[in-house]
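Novice: I have a structure I would like to understand better, so I am pasting it below and will then ask my questions one at a time.
Values quoted throughout were computed directly from the atomic coordinates according to the rules given, and no laboratory measurement underlies them. Everything numeric in this text was worked out from a predicted model, so none of it was measured. Methodologically, a virtual Cβ is constructed for each residue, glycine included, from the backbone with ideal geometry; neighbour enumeration extends over all protein chains shown.
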Amino acid sequence: MQRRAGHPPGLRKFLWGVATSAFQMEGSSRCDWTHWSVRDEADRKARLNGVGHLARTEEDLALLTDLGVDAYRFSVEWSRVVPRRGDWDRREMDRYVRIASLLREAGIEPVVTLHHFTNPSWLVGRAGWEDPATAEEFLRYAERAVRCLRDAVRVFITFNEPNVFVAAGYLGGVMPPGRRCARDGFDAFANVFRAHAAVYDMIHSRGRERAAVGVAHNMVSFQPASRNSALDGWAVKIAHSFYNMGLIETFRTGTFSVRVPFLMDEETPVGVRDKLDFLGVNYYFRMFLRMSPLKLKGPEYFWEDRDGRGLTETGWEIYPKGLEDVLRSASLSGVPIVVTENGTAETDDARKIAYMKEHLRAMHRVIREGVDIRGYFWWSLMDNYEWLEGLRPRFGLYRVDFETLERRPTAASSYFARWVRRRKARDDASRSRTA
């Protein structure tokens, strides 16, 4: 992909921020619940009401000022603003516009995600992403949402982790629509790319200088379970090529292809070449792969504490070097990189701070190598509903009491605020010396 000259709008200085998604904060009775986790009554309430963000929006936004961040990533809930096919809830959309305007007034860059995993319930049973009609419906929603937000928002993310919701929904069957069909998964991914291309063209139709458009891409540090196993090494090569680099290669070439020996050999043009102003990278862990010649369904994957840092509350390994590895791979996109999510589920603040410190240092090592990174967003501002895990994981800088919905700052929030303050002061001093 050819590198564009200049700096994307909204990304001309390094952004320090935190990230959330509308559904996880607000809940919604209009989403497709089919395969989301429900372990108890608290989870059920959270699916409907999130963590009370609708009633506490301005209170929650004030926490951003306490953190000293200059960016906030949030999403618009498609099912909330389009509750029925063809209907538009102006009042709900006005609320998202107000959030963006309040952020802009406070000097905080709004970064808006248009699709963060959830589809409206009226699409269920009618069409999934394997159907081009879903991309058309998404474009209609995105056109109106962008029109409403355009005066306040300069940075848009079309899709959050398309490799996750397509792989989990069409291969693993653990996310909606809960299928296991490689052919449908290929078609779904191709339609997501086409939808991105259409939204990209729509946003830039009035001039490229007005906005930056990207995708938030989940990347994993894959490692062989045994370094002495050629099969494990082969599995890692395939996983990295498809899961990490497939999206990047599609934006580079404009053609989506999947070539897995004995499984699928497909390619189709999707029209996304050079339609990426920045690449968001979401990174959380290293994953080990083990391939057995006796298992024909693919490699076994697992997490294991090999460096002595322990596993997180979601059972993931803590592996800061993996962030360096995936950022170097992401730089092959030829566009600026933003770390759009990085975080850990921990109730032990000391462990959360250690994770944060090590990963921030890992990112800065890559920056010193010359990789063009324009921002870092911690996941998440506060504890919220976690897709396949319910309310158990505690990713937040602010702790939420799920009974009273009270928000409490953690030691990790204070540490992050101090880090951001020091880095911003250092960056300001550097700009002054070079001015």
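Novice: Considering every Cα-Cα pair within region 49-196, what fraction, in whole percent, is farther apart than 22 Å?
Specialist: Result for the distance tail: 44 percent.
Novice: Across 10 Å bins from 0, what is the distribution of all Cα-Cα pair distances for region 256-409, in whole percents?
Specialist: Per 10 Å bin, starting at 0, the Cα pair percentages come out as 9, 29, 31, 24, 6, 0.
Novice: Sort 302-308, 165-171 for me by packing, meaning the mean count of neighbouring Cβ atoms within 10 Å per residue, highest on top.
Specialist: The peptides rank, most packed first, as 165-171, 302-308.
Novice: Each residue of region 349-357 in turn: what ³J(HN,Hα) in whole Hz from Karplus with 6.51, -1.76, 1.60 and θ = phi - 60°, glycine and Pro shown as x?
Specialist: Result, rounded to whole Hz: 4, 4, 5, 5, 5, 4, 4, 4, 4.
Novice: Once the dipole of the chain is set up with Lys and Arg at +1 and Asp and Glu at -1 on Cβ about the Cα centre, which of 14, 202, 276 lies farthest towards its positive end?
Specialist: Value: 14.
Novice: Quick one: net charge around residue 223, please, counting Lys, Arg +1 and Asp, Glu -1 for every other residue with C-beta under 10 Å from its C-beta.
Specialist: -1
Novice: In which sequence would 148, 31 go, from the one with the fewest C-beta neighbours within 10 Å to the one with the most?
Specialist: Going from least to most buried by this count: 148, 31.
Novice: On to the next question. Highest mean first, how do 192-201, 312-321 rank when packing is the count of other Cβ atoms within 10 Å averaged over residues?
Specialist: Ranked by mean Cβ neighbours within 10 Å, highest first: 192-201, 312-321.
Novice: Which order do the peptides 15-21, 396-402, 178-184 take when ranked by the mean count of other beta-carbon atoms within 10 Å per residue, highest first?
Specialist: For the peptides 15-21, 396-402, 178-184, the packing ranking is 15-21, 396-402, 178-184.
Novice: Using unit Cβ charges (K, R positive; D, E negative) and no other charged atoms, how large, in debye to the nearest 20, is the dipole of the chain about its Cα centre?
Specialist: 1180 debye
Novice: Determine the sum of side-chain charges near residue 302: Lys and Arg each +1, Asp and Glu each -1, restricted to other residues whose C-beta is under 13 angstrom from that of residue 302.
Specialist: Neighbour charge sum, excluding residue 302 itself: -2.
Novice: Still on this structure, please answer the following. For region 72-133, what is Rg from Cα atoms divided by 2.2 N^0.38 Å, rounded to two decimals?
Specialist: Against the empirical 2.2 N^0.38 Å value, I get 1.31 for region 72-133.
Novice: Relative contact order (percent) for the chain, with alpha-carbon contacts under 8 angstrom and 6 or more residues of separation?
Specialist: 18 percent
Novice: May I ask you to evaluate 6.51 cos²θ - 1.76 cosθ + 1.60, the Karplus curve with θ = phi - 60°, for each residue of region 191-198 and list the ³J(HN,Hα) values in order in whole Hz, giving x for glycine and proline?
Specialist: 5, 4, 4, 5, 5, 4, 4, 5
Novice: All other residues with a Cβ under 11 Å from the Cβ of residue 319 taken together, and with Lys, Arg as +1 and Asp, Glu as -1, what is their net charge?
Specialist: Here the charged neighbours net out to -3.
Novice: Per Stokes-Einstein, at 25 °C and 0.890 mPa s, what whole-number D in µm² s⁻¹ belongs to region 202-331, with the Kirkwood radius over Cα pairs as the hydrodynamic radius?
Specialist: 147 µm²/s
Novice: When the Cα centres of region 387-409 and region 232-286 are compared, how far apart do they sit, in Å?
Specialist: Value for the Cα centre distance between the two parts: 34 Å.
Novice: Something else about it: Would you please state the base-10 log of I(q)/I(0) at q = 0.15, 0.17, 0.27 1/Å for region 150-191, with intensities from the Debye formula using one equal scatterer on every alpha carbon?
Specialist: One equal scatterer on each Cα of region 150-191 leads to -0.41, -0.48, -0.83.
Novice: Of all beta bridges DSSP finds with both residues in the chain, what is the antiparallel percent, to the nearest 5?
Specialist: Of those bridges, close to 25 percent are antiparallel.
Novice: From the backbone phi of region 151-168, what are the Karplus-calculated ³J(HN,Hα) couplings (6.51 cos²θ - 1.76 cosθ + 1.60, θ = phi - 60°) in whole Hz, Gly and Pro given as x?
Specialist: 5, 10, 10, 10, 10, 10, 10, 5, 9, 9, 6, x, 5, 6, 6, 6, 5, 6
Novice: Tell me, what are the semi-axes, in whole angstrom and largest first, of the equivalent ellipsoid of the chain as set by the roots of 5 times the Cα gyration tensor eigenvalues?
Specialist: Its equivalent ellipsoid spans semi-axes of 29, 27, 24 Å.
Novice: Compute the distribution of all C-alpha to C-alpha distances in region 37-83, in bins of 5 Å from 0, and list the percent of pairs in each, rounded to whole numbers.
Specialist: 5, 15, 18, 22, 19, 14, 7, 1
Novice: On to the next question. Number of Lys-Lys pairs in the chain under 20 Å by Cα, sequence gap 8 or more or different chains?
Specialist: So the count of such lysine pairs works out to 7.
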